[in-house]
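Okay, structure first, notes after.
The values are calculated or read from the model by the stated rules, or taken from the named source; none is laboratory data. The structure presented is a predicted model; accordingly, all values stated were derived computationally and were not measured. Positions of Cβ are generated from backbone atoms using ideal geometry, with glycine treated the same way; all protein chains shown enter the neighbour counts.
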Amino acid sequence: MPESRCLQGIWSSPWIFIFAASGSAVGLGNIWKFPYVLGQNGGGAFLLVYCLCLLLVGLPVLIAEVALGRTVRSNPIDTVNDLSERRIVHSAWVVVPWIAGITGFLILSFYSVIAGWSFAYLERAISGDFMGITSSSATDMFSELLAEPSEMLLWHSVFVVLVVMTVGQSVTRGLSAVVRFLLPALVITLGALAVYSVSIGDMDSTLRFMFQWSWQDVTFDVVLAAVSLALFSLSVGMGAMFAYGAYINKRMSIARACTIVVGVDLLVALLSGLVIFPLVFAFQIDVEAGPSLTFVSLPIIFGNLIGGQFFASIFFLLLVIAALTSAISMLELFVAWLHEKFYIARLKAAFLMGVLVWFVGVAVLLSFNHWDSDIVLGLNFFEVLDSVTSLILLPIGAILLSILVAWFIPHAMLQNEMITQRLSHFQWWYNVLKYISIPAMVMITVAGWIGV
Ligand code: PFF
(Lines give C-alpha, C1' and ligand atoms only; values in the text may rest on other atoms or scores of the structure.)
Protein backbone atom coordinates (compact mmCIF):
# COMPACT_ATOMS: atom_id res chain seq x y z
CA MET A 1 0.00 0.00 0.00
CA PRO A 2 1.52 3.39 -0.93
CA GLU A 3 2.53 5.54 2.04
CA SER A 4 -0.15 8.11 1.25
CA ARG A 5 -2.84 5.50 1.72
CA CYS A 6 -1.77 4.52 5.19
CA LEU A 7 -4.48 5.45 7.56
CA GLN A 8 -4.00 6.82 11.00
CA GLY A 9 -5.49 3.87 12.80
CA ILE A 10 -7.63 0.78 12.92
CA TRP A 11 -10.55 0.36 15.29
CA SER A 12 -9.06 -1.45 18.24
CA SER A 13 -12.00 -3.89 18.50
CA PRO A 14 -15.19 -4.70 16.58
CA TRP A 15 -17.16 -3.03 19.35
CA ILE A 16 -15.35 0.24 18.86
CA PHE A 17 -16.39 0.20 15.20
CA ILE A 18 -19.96 -0.64 16.20
CA PHE A 19 -19.97 2.21 18.69
CA ALA A 20 -18.41 4.67 16.25
CA ALA A 21 -20.74 3.72 13.41
CA SER A 22 -23.71 3.91 15.79
CA GLY A 23 -22.35 7.24 16.98
CA SER A 24 -22.48 8.43 13.39
CA ALA A 25 -25.94 6.97 12.82
CA VAL A 26 -27.54 8.12 16.06
CA GLY A 27 -27.91 11.87 16.17
CA LEU A 28 -30.31 14.67 15.39
CA GLY A 29 -31.78 12.42 12.68
CA ASN A 30 -33.25 10.16 15.37
CA ILE A 31 -34.25 12.69 17.97
CA TRP A 32 -35.10 15.77 15.90
CA LYS A 33 -35.84 14.58 12.37
CA PHE A 34 -37.52 11.19 12.89
CA PRO A 35 -40.37 12.51 15.10
CA TYR A 36 -41.20 15.43 12.85
CA VAL A 37 -41.04 13.46 9.59
CA LEU A 38 -43.20 10.79 11.25
CA GLY A 39 -45.61 13.55 12.27
CA GLN A 40 -45.74 15.02 8.77
CA ASN A 41 -46.26 11.66 7.10
CA GLY A 42 -49.18 10.36 9.10
CA GLY A 43 -47.57 8.06 11.72
CA GLY A 44 -48.11 4.29 11.53
CA ALA A 45 -47.90 3.80 7.76
CA PHE A 46 -44.67 5.80 7.67
CA LEU A 47 -43.20 3.83 10.57
CA LEU A 48 -43.97 0.52 8.90
CA VAL A 49 -42.44 1.60 5.59
CA TYR A 50 -39.49 3.12 7.47
CA CYS A 51 -38.73 -0.21 9.18
CA LEU A 52 -38.93 -2.01 5.83
CA CYS A 53 -36.62 0.59 4.30
CA LEU A 54 -34.09 0.16 7.11
CA LEU A 55 -34.09 -3.59 6.56
CA LEU A 56 -34.31 -3.89 2.78
CA VAL A 57 -32.51 -0.74 1.69
CA GLY A 58 -30.60 0.82 4.58
CA LEU A 59 -28.91 -2.33 5.91
CA PRO A 60 -27.77 -3.77 2.54
CA VAL A 61 -26.46 -0.37 1.40
CA LEU A 62 -24.72 0.16 4.74
CA ILE A 63 -22.99 -3.21 4.40
CA ALA A 64 -22.02 -2.34 0.82
CA GLU A 65 -20.56 0.99 1.87
CA VAL A 66 -18.57 -0.41 4.78
CA ALA A 67 -17.31 -3.39 2.74
CA LEU A 68 -16.15 -1.12 -0.06
CA GLY A 69 -14.33 1.06 2.45
CA ARG A 70 -12.50 -1.96 3.82
CA THR A 71 -11.58 -3.27 0.37
CA VAL A 72 -9.01 -0.64 -0.42
CA ARG A 73 -8.53 0.89 3.02
CA SER A 74 -8.42 4.38 1.73
CA ASN A 75 -10.65 7.41 1.60
CA PRO A 76 -13.62 6.97 -0.77
CA ILE A 77 -12.25 9.16 -3.56
CA ASP A 78 -8.89 7.40 -3.67
CA THR A 79 -10.62 4.05 -3.30
CA VAL A 80 -12.47 4.52 -6.58
CA ASN A 81 -9.38 6.02 -8.26
CA ASP A 82 -7.40 2.99 -7.12
CA LEU A 83 -10.03 0.58 -8.46
CA SER A 84 -10.00 2.39 -11.78
CA GLU A 85 -6.17 2.35 -11.95
CA ARG A 86 -6.37 -1.41 -11.43
CA ARG A 87 -8.91 -1.43 -14.30
CA ILE A 88 -11.57 -2.90 -12.05
CA VAL A 89 -14.02 -0.05 -12.62
CA HIS A 90 -14.27 2.89 -15.02
CA SER A 91 -12.78 6.16 -13.78
CA ALA A 92 -16.18 7.89 -14.20
CA TRP A 93 -17.28 6.13 -11.00
CA VAL A 94 -15.30 8.70 -9.07
CA VAL A 95 -18.47 10.75 -9.33
CA VAL A 96 -19.95 8.55 -6.58
CA PRO A 97 -17.63 9.61 -3.73
CA TRP A 98 -17.81 13.21 -4.91
CA ILE A 99 -21.60 13.22 -4.70
CA ALA A 100 -21.32 11.52 -1.32
CA GLY A 101 -18.82 14.07 -0.02
CA ILE A 102 -20.80 17.05 -1.28
CA THR A 103 -24.00 15.66 0.25
CA GLY A 104 -22.28 15.18 3.61
CA PHE A 105 -20.83 18.68 3.42
CA LEU A 106 -24.21 20.28 2.61
CA ILE A 107 -25.97 18.30 5.31
CA LEU A 108 -23.35 19.34 7.84
CA SER A 109 -23.93 23.00 7.03
CA PHE A 110 -27.53 22.84 8.25
CA TYR A 111 -26.93 20.05 10.77
CA SER A 112 -24.56 22.34 12.67
CA VAL A 113 -27.27 25.00 12.89
CA ILE A 114 -29.72 22.49 14.37
CA ALA A 115 -26.98 21.26 16.70
CA GLY A 116 -26.63 24.94 17.63
CA TRP A 117 -30.31 24.91 18.68
CA SER A 118 -29.47 21.98 20.97
CA PHE A 119 -26.63 24.01 22.46
CA ALA A 120 -28.96 26.96 23.00
CA TYR A 121 -31.43 24.65 24.74
CA LEU A 122 -28.63 23.20 26.85
CA GLU A 123 -27.91 26.69 28.09
CA ARG A 124 -31.62 27.29 28.82
CA ALA A 125 -31.82 23.94 30.60
CA ILE A 126 -28.87 24.78 32.85
CA SER A 127 -30.41 28.18 33.64
CA GLY A 128 -33.72 26.52 34.61
CA ASP A 129 -35.68 28.33 31.87
CA PHE A 130 -37.99 25.36 31.29
CA MET A 131 -39.45 25.37 34.78
CA GLY A 132 -43.20 25.90 34.72
CA ILE A 133 -43.22 26.23 30.93
CA THR A 134 -46.55 25.88 29.07
CA SER A 135 -47.06 24.71 25.51
CA SER A 136 -47.54 28.27 24.28
CA SER A 137 -44.47 29.60 26.09
CA ALA A 138 -42.47 26.64 24.73
CA THR A 139 -43.57 27.64 21.22
CA ASP A 140 -42.61 31.26 21.93
CA MET A 141 -39.22 30.23 23.28
CA PHE A 142 -38.43 28.41 20.05
CA SER A 143 -39.73 31.23 17.83
CA GLU A 144 -37.59 33.72 19.75
CA LEU A 145 -34.51 31.60 19.18
CA LEU A 146 -35.16 31.48 15.43
CA ALA A 147 -35.90 35.20 15.24
CA GLU A 148 -32.52 36.19 16.66
CA PRO A 149 -29.56 35.21 14.42
CA SER A 150 -26.81 36.25 16.84
CA GLU A 151 -27.48 33.46 19.34
CA MET A 152 -27.79 30.86 16.58
CA LEU A 153 -24.59 32.22 15.05
CA LEU A 154 -22.73 31.83 18.33
CA TRP A 155 -23.77 28.20 18.84
CA HIS A 156 -23.36 27.28 15.18
CA SER A 157 -19.79 28.62 15.37
CA VAL A 158 -19.05 26.76 18.61
CA PHE A 159 -20.32 23.54 17.07
CA VAL A 160 -18.27 23.95 13.89
CA VAL A 161 -15.13 24.60 15.98
CA LEU A 162 -15.78 21.43 17.99
CA VAL A 163 -16.28 19.40 14.82
CA VAL A 164 -13.07 20.77 13.30
CA MET A 165 -11.07 20.06 16.44
CA THR A 166 -12.38 16.51 16.73
CA VAL A 167 -11.97 15.60 13.05
CA GLY A 168 -8.56 17.24 13.12
CA GLN A 169 -7.41 14.43 15.41
CA SER A 170 -7.19 10.89 14.12
CA VAL A 171 -10.79 9.75 13.90
CA THR A 172 -10.26 6.40 15.55
CA ARG A 173 -8.45 8.04 18.44
CA GLY A 174 -10.88 10.88 18.99
CA LEU A 175 -14.03 8.85 18.82
CA SER A 176 -13.48 5.72 20.83
CA ALA A 177 -13.41 7.47 24.17
CA VAL A 178 -16.61 9.44 23.58
CA VAL A 179 -18.93 6.89 22.00
CA ARG A 180 -18.33 4.24 24.62
CA PHE A 181 -20.36 6.11 27.20
CA LEU A 182 -22.57 8.22 24.90
CA LEU A 183 -24.85 5.55 23.47
CA PRO A 184 -25.71 3.70 26.66
CA ALA A 185 -26.28 7.03 28.40
CA LEU A 186 -28.52 8.24 25.58
CA VAL A 187 -30.58 5.05 25.47
CA ILE A 188 -31.04 5.00 29.26
CA THR A 189 -32.00 8.68 29.39
CA LEU A 190 -34.44 8.39 26.49
CA GLY A 191 -35.92 5.23 28.00
CA ALA A 192 -36.49 6.95 31.35
CA LEU A 193 -37.98 10.02 29.64
CA ALA A 194 -40.26 7.81 27.53
CA VAL A 195 -41.62 6.15 30.68
CA TYR A 196 -42.24 9.56 32.24
CA SER A 197 -43.75 11.04 29.07
CA VAL A 198 -46.08 8.09 28.66
CA SER A 199 -47.17 8.44 32.28
CA ILE A 200 -48.08 12.14 31.99
CA GLY A 201 -49.06 12.23 28.30
CA ASP A 202 -51.66 10.76 26.00
CA MET A 203 -50.57 7.15 25.54
CA ASP A 204 -53.65 5.95 23.64
CA SER A 205 -53.38 8.55 20.90
CA THR A 206 -49.62 7.91 20.67
CA LEU A 207 -50.01 4.17 20.19
CA ARG A 208 -52.77 4.70 17.64
CA PHE A 209 -50.71 7.31 15.80
CA MET A 210 -47.42 5.42 15.77
CA PHE A 211 -48.55 1.83 15.34
CA GLN A 212 -51.86 1.84 13.43
CA TRP A 213 -51.88 2.17 9.70
CA SER A 214 -53.88 1.50 6.60
CA TRP A 215 -52.85 0.90 3.00
CA GLN A 216 -54.30 4.20 1.77
CA ASP A 217 -51.70 6.05 3.84
CA VAL A 218 -48.81 4.40 1.96
CA THR A 219 -48.26 6.94 -0.82
CA PHE A 220 -45.11 7.42 -2.90
CA ASP A 221 -44.37 10.61 -0.96
CA VAL A 222 -44.45 8.63 2.29
CA VAL A 223 -42.20 5.93 0.84
CA LEU A 224 -39.71 8.45 -0.55
CA ALA A 225 -39.62 10.25 2.79
CA ALA A 226 -39.02 6.90 4.52
CA VAL A 227 -36.19 5.83 2.20
CA SER A 228 -34.52 9.17 2.47
CA LEU A 229 -34.80 9.26 6.27
CA ALA A 230 -33.48 5.69 6.50
CA LEU A 231 -30.40 6.67 4.48
CA PHE A 232 -29.93 9.89 6.45
CA SER A 233 -30.38 8.17 9.77
CA LEU A 234 -27.93 5.39 8.97
CA SER A 235 -25.47 7.94 7.52
CA VAL A 236 -25.27 6.00 4.27
CA GLY A 237 -24.77 7.41 0.79
CA MET A 238 -22.50 10.16 2.14
CA GLY A 239 -19.20 8.38 2.39
CA ALA A 240 -19.22 8.53 6.18
CA MET A 241 -19.56 4.79 6.73
CA PHE A 242 -17.32 4.18 3.73
CA ALA A 243 -14.61 6.15 5.50
CA TYR A 244 -15.19 4.31 8.79
CA GLY A 245 -15.12 0.96 6.94
CA ALA A 246 -11.56 1.75 5.92
CA TYR A 247 -10.53 1.51 9.58
CA ILE A 248 -12.00 -1.96 10.20
CA ASN A 249 -9.78 -4.94 10.74
CA LYS A 250 -10.10 -7.86 8.37
CA ARG A 251 -11.44 -10.39 10.85
CA MET A 252 -14.57 -8.50 11.72
CA SER A 253 -18.00 -9.54 10.46
CA ILE A 254 -19.31 -6.51 8.61
CA ALA A 255 -22.86 -7.85 8.34
CA ARG A 256 -23.18 -8.51 12.06
CA ALA A 257 -21.72 -5.14 13.00
CA CYS A 258 -24.03 -3.29 10.57
CA THR A 259 -27.11 -5.16 11.79
CA ILE A 260 -26.37 -4.03 15.34
CA VAL A 261 -25.95 -0.43 14.12
CA VAL A 262 -29.35 -0.54 12.39
CA GLY A 263 -30.97 -1.99 15.54
CA VAL A 264 -29.49 0.71 17.78
CA ASP A 265 -30.54 3.42 15.34
CA LEU A 266 -34.13 2.20 15.21
CA LEU A 267 -34.29 1.79 18.98
CA VAL A 268 -33.24 5.40 19.57
CA ALA A 269 -35.72 6.68 16.98
CA LEU A 270 -38.60 4.71 18.51
CA LEU A 271 -37.70 5.89 22.01
CA SER A 272 -37.67 9.49 20.76
CA GLY A 273 -41.13 8.99 19.30
CA LEU A 274 -42.35 7.60 22.61
CA VAL A 275 -40.88 10.58 24.44
CA ILE A 276 -42.34 13.21 22.15
CA PHE A 277 -45.76 12.08 20.91
CA PRO A 278 -47.51 11.46 24.26
CA LEU A 279 -46.89 15.14 25.02
CA VAL A 280 -47.71 16.33 21.53
CA PHE A 281 -51.18 14.79 21.90
CA ALA A 282 -51.67 15.70 25.55
CA PHE A 283 -50.75 19.36 25.00
CA GLN A 284 -52.39 19.60 21.57
CA ILE A 285 -49.19 20.55 19.78
CA ASP A 286 -49.57 20.34 16.00
CA VAL A 287 -48.22 16.87 14.98
CA GLU A 288 -47.31 18.31 11.61
CA ALA A 289 -45.40 21.23 13.12
CA GLY A 290 -42.20 20.15 11.34
CA PRO A 291 -38.67 20.97 12.54
CA SER A 292 -39.90 22.72 15.69
CA LEU A 293 -41.67 19.60 17.07
CA THR A 294 -38.89 18.21 19.25
CA PHE A 295 -37.76 21.60 20.51
CA VAL A 296 -41.27 22.59 21.55
CA SER A 297 -42.32 19.34 23.21
CA LEU A 298 -39.16 18.46 25.15
CA PRO A 299 -39.09 21.57 27.36
CA ILE A 300 -42.64 20.72 28.44
CA ILE A 301 -41.49 17.36 29.79
CA PHE A 302 -38.61 18.89 31.68
CA GLY A 303 -40.67 21.81 32.91
CA ASN A 304 -43.09 19.41 34.61
CA LEU A 305 -40.56 16.93 35.91
CA ILE A 306 -39.17 16.92 39.46
CA GLY A 307 -35.45 17.56 38.98
CA GLY A 308 -36.29 18.71 35.44
CA GLN A 309 -33.46 21.23 35.35
CA PHE A 310 -30.92 18.50 36.02
CA PHE A 311 -32.43 15.98 33.58
CA ALA A 312 -32.87 18.62 30.87
CA SER A 313 -29.21 19.59 31.19
CA ILE A 314 -28.10 15.96 30.92
CA PHE A 315 -30.41 15.32 27.98
CA PHE A 316 -29.35 18.32 25.89
CA LEU A 317 -25.70 17.66 26.70
CA LEU A 318 -26.11 14.11 25.36
CA LEU A 319 -27.95 15.47 22.31
CA VAL A 320 -25.10 17.85 21.54
CA ILE A 321 -22.55 15.03 21.89
CA ALA A 322 -24.68 12.74 19.69
CA ALA A 323 -24.84 15.49 17.07
CA LEU A 324 -21.08 15.89 17.30
CA THR A 325 -20.32 12.19 16.81
CA SER A 326 -22.55 12.29 13.71
CA ALA A 327 -21.19 15.55 12.36
CA ILE A 328 -17.57 14.48 12.46
CA SER A 329 -18.33 11.58 10.15
CA MET A 330 -19.77 13.97 7.55
CA LEU A 331 -16.47 15.82 7.30
CA GLU A 332 -14.29 12.72 7.45
CA LEU A 333 -14.45 11.97 3.71
CA PHE A 334 -12.91 15.23 2.51
CA VAL A 335 -10.55 15.56 5.47
CA ALA A 336 -9.15 12.05 4.92
CA TRP A 337 -8.86 12.75 1.19
CA LEU A 338 -7.05 16.10 1.59
CA HIS A 339 -4.75 14.51 4.17
CA GLU A 340 -3.91 11.37 2.23
CA LYS A 341 -3.78 12.85 -1.26
CA PHE A 342 -2.20 16.25 -0.64
CA TYR A 343 -0.45 15.58 2.68
CA ILE A 344 -2.32 18.45 4.30
CA ALA A 345 -2.33 18.02 8.08
CA ARG A 346 -5.70 16.70 9.29
CA LEU A 347 -6.31 19.73 11.49
CA LYS A 348 -5.62 22.11 8.61
CA ALA A 349 -7.84 20.11 6.25
CA ALA A 350 -10.61 20.07 8.85
CA PHE A 351 -10.20 23.81 9.34
CA LEU A 352 -10.53 24.49 5.59
CA MET A 353 -13.68 22.41 5.37
CA GLY A 354 -14.99 23.94 8.59
CA VAL A 355 -14.72 27.47 7.19
CA LEU A 356 -16.83 26.48 4.16
CA VAL A 357 -19.39 24.71 6.35
CA TRP A 358 -19.57 27.76 8.60
CA PHE A 359 -20.36 30.11 5.70
CA VAL A 360 -23.12 27.94 4.27
CA GLY A 361 -24.45 27.48 7.82
CA VAL A 362 -24.69 31.25 8.27
CA ALA A 363 -26.91 31.43 5.18
CA VAL A 364 -29.01 28.62 6.69
CA LEU A 365 -29.53 30.36 10.02
CA LEU A 366 -30.38 33.64 8.30
CA SER A 367 -33.07 31.82 6.33
CA PHE A 368 -35.03 31.49 9.61
CA ASN A 369 -35.20 35.24 10.09
CA HIS A 370 -33.71 38.10 8.02
CA TRP A 371 -33.51 36.05 4.84
CA ASP A 372 -36.74 34.12 5.23
CA SER A 373 -37.64 34.47 1.58
CA ASP A 374 -38.57 31.87 -0.97
CA ILE A 375 -35.77 30.77 -3.21
CA VAL A 376 -37.51 28.15 -5.25
CA LEU A 377 -40.95 26.45 -5.13
CA GLY A 378 -41.89 28.45 -2.03
CA LEU A 379 -38.96 27.03 -0.03
CA ASN A 380 -36.39 29.07 1.89
CA PHE A 381 -32.65 28.30 1.81
CA PHE A 382 -32.77 25.81 4.71
CA GLU A 383 -35.72 23.97 3.16
CA VAL A 384 -34.03 23.91 -0.24
CA LEU A 385 -30.84 22.43 1.26
CA ASP A 386 -32.81 19.89 3.29
CA SER A 387 -34.94 18.83 0.31
CA VAL A 388 -32.09 18.73 -2.21
CA THR A 389 -29.91 16.62 0.07
CA SER A 390 -32.65 14.31 1.40
CA LEU A 391 -34.77 13.78 -1.67
CA ILE A 392 -32.23 14.08 -4.50
CA LEU A 393 -28.54 13.79 -3.57
CA LEU A 394 -28.87 11.15 -0.84
CA PRO A 395 -30.92 8.66 -2.90
CA ILE A 396 -28.79 9.25 -6.01
CA GLY A 397 -25.58 8.74 -4.02
CA ALA A 398 -26.92 5.56 -2.42
CA ILE A 399 -28.24 4.19 -5.73
CA LEU A 400 -24.96 4.80 -7.58
CA LEU A 401 -22.88 3.38 -4.73
CA SER A 402 -25.03 0.25 -4.62
CA ILE A 403 -24.88 -0.21 -8.40
CA LEU A 404 -21.11 0.15 -8.24
CA VAL A 405 -20.81 -2.51 -5.55
CA ALA A 406 -23.47 -4.91 -6.85
CA TRP A 407 -22.79 -4.76 -10.56
CA PHE A 408 -19.25 -3.54 -11.14
CA ILE A 409 -16.98 -4.65 -8.30
CA PRO A 410 -16.04 -8.27 -9.02
CA HIS A 411 -18.07 -10.78 -7.03
CA ALA A 412 -14.92 -12.62 -5.91
CA MET A 413 -13.37 -9.45 -4.55
CA LEU A 414 -16.43 -8.70 -2.42
CA GLN A 415 -16.67 -12.28 -1.26
CA ASN A 416 -13.06 -12.12 -0.18
CA GLU A 417 -13.85 -8.96 1.73
CA MET A 418 -16.78 -10.62 3.45
CA ILE A 419 -14.81 -13.76 4.21
CA THR A 420 -15.97 -13.72 7.82
CA GLN A 421 -19.56 -14.05 6.62
CA ARG A 422 -21.14 -17.43 6.01
CA LEU A 423 -21.47 -17.97 2.25
CA SER A 424 -25.26 -18.16 2.50
CA HIS A 425 -25.34 -14.82 4.35
CA PHE A 426 -23.11 -13.24 1.75
CA GLN A 427 -25.33 -14.45 -1.08
CA TRP A 428 -28.41 -13.27 0.75
CA TRP A 429 -26.99 -9.76 1.17
CA TYR A 430 -25.70 -9.64 -2.41
CA ASN A 431 -29.04 -10.67 -3.91
CA VAL A 432 -31.08 -8.34 -1.72
CA LEU A 433 -28.82 -5.44 -2.70
CA LYS A 434 -28.94 -6.31 -6.39
CA TYR A 435 -32.55 -7.31 -6.84
CA ILE A 436 -34.45 -5.52 -4.07
CA SER A 437 -32.60 -2.48 -2.71
CA ILE A 438 -31.45 -1.00 -6.01
CA PRO A 439 -34.72 -1.44 -7.97
CA ALA A 440 -36.71 -0.24 -4.95
CA MET A 441 -34.58 2.88 -4.51
CA VAL A 442 -34.71 3.72 -8.21
CA MET A 443 -38.47 3.19 -8.44
CA ILE A 444 -39.32 5.06 -5.26
CA THR A 445 -37.02 7.98 -6.00
CA VAL A 446 -38.23 8.47 -9.55
CA ALA A 447 -41.89 8.01 -8.59
CA GLY A 448 -41.44 10.48 -5.71
CA TRP A 449 -39.87 13.05 -8.06
CA ILE A 450 -42.55 12.88 -10.69
CA GLY A 451 -45.17 12.93 -7.96
CA VAL A 452 -46.97 9.68 -8.80
N1 PFF B 1 -27.14 9.80 10.83
C2 PFF B 1 -27.05 11.12 11.39
C3 PFF B 1 -28.29 11.39 12.23
O4 PFF B 1 -29.22 10.59 12.21
O5 PFF B 1 -28.31 12.41 12.91
C6 PFF B 1 -26.88 12.17 10.34
C7 PFF B 1 -25.75 11.95 9.40
C8 PFF B 1 -24.48 11.58 9.86
C9 PFF B 1 -25.93 12.14 8.08
C10 PFF B 1 -23.42 11.39 8.98
C11 PFF B 1 -24.89 11.98 7.21
C12 PFF B 1 -23.64 11.58 7.65
F13 PFF B 1 -22.68 11.46 6.80
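May I ask you to list the residues in segment 89-127 that are over 24 Å from His156 (Cβ atoms) and either in a loop (DSSP other than H, G, I, E, B) or within 12 Å of the ligand (Cβ to nearest atom) (or both)? The answer is Val89, His90. Residues in segment 432-452 that are surrounded by 13 or more Cβ atoms within 10 Å (Cβ to Cβ) and without any contact (Cβ under 8 Å) to a residue 40 or more places away in the chain: Lys434, Ile438, Met443, Val446.
Please go through segment 363-380 and give me each residue that is touching a residue at least 12 places away in the same chain (Cβ under 8 Å) and aromatic (Phe, Trp, Tyr), ordered by number.
First, the residues of segment 363-380 that are touching a residue at least 12 places away in the same chain (Cβ under 8 Å): 363-370, 380.
Correct list: Phe368 only.
Are there any helices (runs of 4 or more DSSP H) wholly within segment 338-418 with 1 or more residues that are modelled with pLDDT of 90 or more, and if so which?
Values: elements: 346-366, 381-387, 394-403, 411-417.
Output list reads 346-366, 381-387, 394-403.
Of all residues in segment 296-315, how many are surrounded by fewer than 23 Cβ atoms within 10 Å (Cβ to Cβ) and either touching a Cys at 6+ places or on another chain (Cβ under 7 Å) or among the aromatic types (Phe, Trp, Tyr) (or both)? If you could, list the steps in order and put the result at the bottom.
Applying the first criterion (surrounded by fewer than 23 Cβ atoms within 10 Å (Cβ to Cβ)) to segment 296-315 yields 303-311, 313-314.
Keeping just the survivors that are either touching a Cys at 6+ places or on another chain (Cβ under 7 Å) or among the aromatic types (Phe, Trp, Tyr) (or both) gives 310-311.
Result for segment 296-315: 2.
State yes or no: is Gly69 at pLDDT 95 or above and within 16 Å of the ligand (Cβ to nearest atom)? No. Of all residues in segment 209-239, exactly one satisfies the criterion of being among the aromatic types (Phe, Trp, Tyr), closer than 30 Å to Phe105 by Cα and surrounded by 18 or more Cβ atoms within 10 Å (Cβ to Cβ), namely Phe232. Pairs are defined by a Cβ separation below 7 Å, a sequence spacing of at least 6 or placement on different chains, a first member in segment 338-362 that is in contact (Cβ under 8 Å) with a residue 24 or more places away in the chain and farther than 21 Å from Asp78 by Cβ, and a second member that is in a helix (DSSP H, G or I) and among the hydroxyl-bearing types (Ser, Thr, Tyr); the pairs so defined are Val357/Ser109; Val357/Ser112; Trp358/Ser157; Val360/Ser109; Gly361/Ser109; Gly361/Ser112. Summed over segment 225-246, the residues that are farther than 19 Å from Val264 by Cβ, more than 10 Å from the ligand (Cβ to nearest atom) and either at pLDDT below 90 or not in a helix (DSSP H, G or I) (or both) give a count of 1. May I ask you to list pairs of residues, at least six apart or on different chains, whose Cβ atoms are under 9 Å apart, with the first in segment 103-124 being more than 30 Å from Ile399 (Cβ to Cβ) and the second being of a type in the set (Val, Ile, Thr) and within 11 Å of the ligand (Cβ to nearest atom)? So the pair list comes out as Ser118/Ile31. Scanning segment 249-305 for residues that are of a type outside the set (Gly, Ala, Ser), more than 18 Å from Leu193 (Cα to Cα) and under 17 Å from the mean Cα position of the chain (by Cα) yields Cys258, Thr259, Ile260, Val261, Val262, Pro291.
Looking for something more than 27 Å from Ile248 (Cβ to Cβ), in a loop (DSSP other than H, G, I, E, B) and out of contact with any Phe, Trp or Tyr (no Cβ under 7 Å at 6 or more places or on another chain) - is there at least one such residue anywhere in segment 444-452? Talk me through it step by step, then tell me what you get.
Pass one, segment 444-452, residues more than 27 Å from Ile248 (Cβ to Cβ): 444-452.
Now restrict to residues that are in a loop (DSSP other than H, G, I, E, B): 451-452.
The next check asks that each one be out of contact with any Phe, Trp or Tyr (no Cβ under 7 Å at 6 or more places or on another chain); those that pass are 451.
Yes - at least one qualifying residue is present in segment 444-452.
Residue-wise test of (1) within 18 Å of Ala21 (Cβ to Cβ); (2) modelled with pLDDT of 85 or more.
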{"position": "Met165", "(1), (2)": "no, yes"}
{"position": "Leu182", "(1), (2)": "yes, no"}
{"position": "Val187", "(1), (2)": "yes, yes"}
{"position": "Val195", "(1), (2)": "no, yes"}
